[in-house]
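First comes the structure, then the notes that go with it.
The values are calculated or read from the model by the stated rules, or taken from the named source; none is laboratory data. Nothing here was measured: the structure is a model prediction, and the numbers come from that model. All Cβ positions, glycine included, derive from the backbone under ideal geometry; neighbour counts span all protein chains shown. Remember, those area values only see protein heavy atoms, side chains included, never the ligands or the DNA or RNA. Shrake-Rupley method; radii C 1.70, N 1.55, O 1.52, S 1.80 Å.
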Amino acid sequence: MDKGFAVQIDKLSLEQRIDVEKLSLESGEFLHVLGANGSGKSTLLETIAGVLDIQCGDIQLLGRHLKSWGLSELANHRALLTQSIACQFELSVAEVLGLMSGRNQLPAEIEDAFEIAAFMDKPLSHLSGGQQQRVHIARVLLQVWPAICENTALIILDEPLQKLDIVHQQSCLTLLRSLASRGNTVIVSSHDVNLSNQFASQILLLKSGKPITYGTPQNVFSLETLKSAFECDFHLVYSENEYEFFHPVVNS
């Protein structure tokens, strides 16, 4: 797939919660959006996904104005995981994933990353918070799996790592980076600077709904920009292999 722009934002503003003058994200990028609580991460992701109406400005997805996408067409190409997910019915994991009537096989990549097969027949509500999160990420990916296989999907995940243990944080990010490397575009919000430094191809730092800086982790992450975004000091720690580790310093 030739690289084009998966997301283009022009003079976007929303209820004094988001103010983005211009931002362009190429297809095949793995963008991490970081910032303190209330910085506008969720609002920006939901606006890009078409869940929140644009009050001022314009967004283009995959070369088309967002308003030109029909709902069903958009759902085939764009997947969104929100932070708040409520299931009102006592559904099994298989039912939540839509794997019924004998179609009970997950794509190998999803099973390898999230290890869901062992509790496929259990009610979702009986699972731990981390297990439920793994199911919901899988559900979102399955929604656009045909587009993922064609390397044309736009995957938007709001804090997908919450409640996941360390192993599944790593496997989730490894899978998402792999999907992006093929041409799919992945946008996640996160609070983990070091995981973003390890996995992201692009970083957007937000503060009060406005971008502080945008670019590769090497160009974006510094002690100064992190302090500006999170309003606390950071130390830069080097391990034996010179991997950069940012350690926040919170005043007691």
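Within the stretch 113-145, track down each residue that is assigned to a loop (DSSP other than H, G, I, E, B), open to solvent by 10 Å² or more (accessible area, probe 1.4 Å) and more than 14 Å from Leu175 (Cα to Cα). Show your work before the answer.
Taking the stretch 113-145 as the starting set, the residues that turn out to be assigned to a loop (DSSP other than H, G, I, E, B) are 115-116, 120-122, 127-128, 144.
In the following step, the residues that additionally are open to solvent by 10 Å² or more (accessible area, probe 1.4 Å) were identified as 115, 120-122, 127-128.
If the condition is that a residue be assigned to a loop (DSSP other than H, G, I, E, B), open to solvent by 10 Å² or more (accessible area, probe 1.4 Å) and more than 14 Å from Leu175 (Cα to Cα), then Met120, Asp121, Lys122, Leu127, Ser128 are the ones that fit.
Do the conditions hold for Arg177, that is, is it open to solvent by 10 Å² or more (accessible area, probe 1.4 Å), at pLDDT below 95 and touching a helix residue (DSSP H, G or I) at 6+ places or on another chain (Cβ under 6 Å)?
Values: open to solvent by 10 Å² or more (accessible area, probe 1.4 Å): yes; at pLDDT below 95: no; touching a helix residue (DSSP H, G or I) at 6+ places or on another chain (Cβ under 6 Å): yes.
So Arg177 fails the test.
Suppose the filter is outside any helix (DSSP H, G or I) and free of Cβ contacts under 8 Å to residues at least 40 places away in the same chain; does Val186 pass it? Answer is no for this residue. Checked against the criterion of being touching a residue at least 60 places away in the same chain (Cβ under 8 Å), in contact with a helix residue (DSSP H, G or I) (Cβ under 7 Å, 6 or more places away or on another chain) and open to solvent by less than 40 Å² (accessible area, probe 1.4 Å), the stretch 48-60 has no qualifying residue.
Among the residues of the stretch 208-233, just one is touching a Ser or Thr at 6+ places or on another chain (Cβ under 8 Å), in contact (Cβ under 8 Å) with a residue 40 or more places away in the chain and surrounded by fewer than 17 Cβ atoms within 10 Å (Cβ to Cβ), namely Ser208. For the stretch 190-227, the candidate set comprises residues that are hydrophobic (A, V, I, L, M, F, W, C) and part of a loop (DSSP other than H, G, I, E, B); within that set, the residue that is nearest to the chain's Cα centre (by Cα) is Ala200.
Kindly list the number of the only condition in (1) outside any helix (DSSP H, G or I); (2) open to solvent by 20 Å² or more (accessible area, probe 1.4 Å) that fails for Ile155. Ile155 satisfies every listed condition except (2).
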